[in-house]
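The next block holds one structure in the form of structure tokens; read it before the comments.
The values are calculated or read from the model by the stated rules, or taken from the named source; none is laboratory data. What you are looking at is a predicted structure, and each value in this text was computed from that prediction instead of being measured. Cβ atoms come from the backbone with ideal geometry, glycine included; neighbour counts cover every protein chain shown.
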Amino acid sequence: MGAEVTEYAGVGRPNPITGPLTQAGAGSRSLRLGLPPMRQGVSSAWVRSYRVRALGLDLLAGLTAGVCGAWFRFDGYPNATYLALAAITPLVWVLTVAFADGYDHRILGSGTMEYRAIWSAVLWLTAGTAFVSYVTEAQVARGFVLTAIPLILVLSEVCRWVLRHWLGAQRRDGLCFSPTVVVGRVDSVADMVREIQNNPASGLTVVAACVSGLDSGDYLGSSVGGVPVYGGPETALLAVNEYQAEVVAVSSHPDLVGHSLRRLGWALEELGVDLVVSPGIVEVAGPRLTLRPTAGMSLLHVERPLHSGLRAVGKMLLDRVLALSITFFFLPLMVAVAIAIKLENPGPVFFRQTRIGAQGRPFGMVKFRSMVTNAEALLADLAEESDGNGILFKMKDDPRVTKVGKFIRRFSIDELPQLINVVRGEMSLIGPRPPLPSEVAEYESDAVRRLHVRPGMTGLWQVSGRSDLSWEESLRLDLWYVDNWTPILDLQILVRTFKAVLRGSGAY
């Protein structure tokens, strides 16, 4: 293309990134240079469909909550005033959600921002109700408010959860994705393409790459991660037009910073195309990132992991309370399993093994015995037949496992006695997998960071494949958990654990 001249601030200057665009308008400038006209106001059909469904379900949630609030407040005989209030509740609720950006296309269908928008809308609705009641001196019945608002929160969150499952099913069929052009250096683009491909929940599908640093220097017929290379970074806007892209994702590139990135954002704004930029920080969750404007710059502040303080103490206390409750609930099952183990293969009911806990402290982990009593002695003869991941020994058809052992392993019942370790403070309900001393002896410097927190009965490794994971994948998940722990993350893992256990996926 050569270096196109972009008119910026009244001065013509070379700008290979934004190409043939000016403040005068993308379409008109493209036509003057003989380029195909670019379309305006991109909006995916799936986004419109999702938004319409969300609006309809929020209206239904508002109507249901309003009717139930009036019904229960007046024991099934609401007066005309509260019938009218119930009738306008859906409209007020939808407007409040819109005010809280609950229908913004950027948060629909991915991440937790959509759920958080509902919570924000509920807070605004509660504050607005209190303010209007105070200003107008209208006495809104507390029974109506205390019934309608919690119900509207629950119903709307459930509706969004249902919508997410519908969207997930659509994406498994290859639908409901936003075409994306990735721009940057070839190495960083390859990493970004891989991450997007491995995370379909992001809603992005890479259709083209505009890269620099190709070894051959020839773009024709080249590809990165299975994605065709359209050209260099200077062809980004042409690639957007060619592939009807809706998102441009910028990875690390020395020419795409400062004013160049700003101009690219202006050009994409005129096209109605979203711009997303990778900050170059890997394995850091969103809640730890905060933008801090300083002296005309936007600085990205990375919060320290929550390894100590009140939240960590709260996690330990909650672990122990929940462990005692779960033990009491599953006590009959645990007694039945103990009897079955004893009847099939005489020997101890429990298997105790030394594991390494937080800060490298060893402890005795307790499990139900699922193997024959001389399993450790037989291990040397089976070492070469391991199906594990290079450091961990795993075998899908391990001859040492008893019949009862196969059953309790499939559904992770063998791990229930670890609740004792949780009560004693040696383990947590959620955390990295508890390693053996022999495994820790082979740790590299990065892997040692797993020992900053107490190991868990379950964790990201449990809900992401269990024994089917490679060592690198297991390590990456554990390190991500250590760096990004939050109480909400623990709750999500706990819910996913029940699903993984019921499926028996990766358990052997």
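Screening the stretch 99-113 for residues that are hydroxyl-bearing (Ser, Thr, Tyr) and surrounded by 16 or more Cβ atoms within 10 Å (Cβ to Cβ) and picking the one that is modelled with the lowest pLDDT gives 110.
Screening the stretch 161-196 for residues that are among the aromatic types (Phe, Trp, Tyr) and assigned to a helix (DSSP H, G or I) and picking the one that is surrounded by the fewest Cβ atoms within 10 Å (Cβ to Cβ) gives 161.
Looking at 41, 56, 66, just one residue is modelled with pLDDT under 75 and either farther than 30 Å from residue 241 by Cβ or within 38 Å of the chain's Cα centre (by Cα) (or both), and that residue is 41. Could you tell me which numbered condition residue 205 fails, if it satisfies all but one of (1) assigned by TED's automatic domain parsing to the domain that holds residue 249; (2) assigned to a helix (DSSP H, G or I); (3) modelled with pLDDT of 85 or more; (4) surrounded by fewer than 21 Cβ atoms within 10 Å (Cβ to Cβ)? Residue 205 satisfies all of (1) assigned by TED's automatic domain parsing to the domain that holds residue 249; (2) assigned to a helix (DSSP H, G or I); (3) modelled with pLDDT of 85 or more; (4) surrounded by fewer than 21 Cβ atoms within 10 Å (Cβ to Cβ) except (2).
Here is a yes/no grid of residues against (1) surrounded by fewer than 19 Cβ atoms within 10 Å (Cβ to Cβ); (2) without any contact (Cβ under 8 Å) to a residue 40 or more places away in the chain; (3) not in a helix (DSSP H, G or I):
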| site | (1), (2), (3) |
| --- | --- |
| 72 | yes, no, no |
| 82 | no, no, no |
| 97 | no, no, no |
| 115 | yes, no, no |
| 119 | yes, yes, no |
| 131 | yes, yes, no |
| 152 | no, no, no |
| 159 | yes, no, no |
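Of the residues 130, 169, 190, 117, the single one that is over 23 Å from residue 102 (Cβ atoms) and either small (Gly, Ala, Ser) or touching a helix residue (DSSP H, G or I) at 6+ places or on another chain (Cβ under 6 Å) (or both) is 190. If you check 206, 140, 132, 183 for being of a type in the set (A, V, I, L, M, F, W, C), over 22 Å from the mean Cα position of the chain (by Cα) and under 22 Å from residue 247 (Cβ atoms), only one passes: 183. Output the residues belonging to the stretch 123-132 that are modelled with pLDDT of 85 or more and more than 12 Å from residue 69 (Cβ to Cβ). Result: 123, 124, 125, 126, 127, 128, 130, 131.
Quick one: in the stretch 133-150, which of the residues that are of a type in the set (S, T, N, Q) and assigned to a helix (DSSP H, G or I) is modelled with the highest pLDDT? Per the criteria, the residue is 147. Only helices (runs of 4 or more DSSP H) whose full extent lies in the stretch 425-505 are considered here, and the ones with at least 1 residues that are closer than 16 Å to residue 365 by Cα and hydroxyl-bearing (Ser, Thr, Tyr) are 437-441.
Please verify whether the stretch 70-86 includes one or more residues that are in contact with a Cys (Cβ under 9 Å, 6 or more places away or on another chain) and within 22 Å of residue 133 (Cβ to Cβ). Looking for residues that are in contact with a Cys (Cβ under 9 Å, 6 or more places away or on another chain) and within 22 Å of residue 133 (Cβ to Cβ), one finds at least one in the stretch 70-86, hence yes. Taking (1) part of a helix (DSSP H, G or I); (2) at pLDDT 90 or above in turn, residue 365 satisfies each apart from (1).
Of all residues in the stretch 178-192, those satisfying the criterion of being at pLDDT below 90 and either hydrophobic (A, V, I, L, M, F, W, C) or closer than 21 Å to residue 105 by Cα (or both) are 178, 186, 189, 190, 192.
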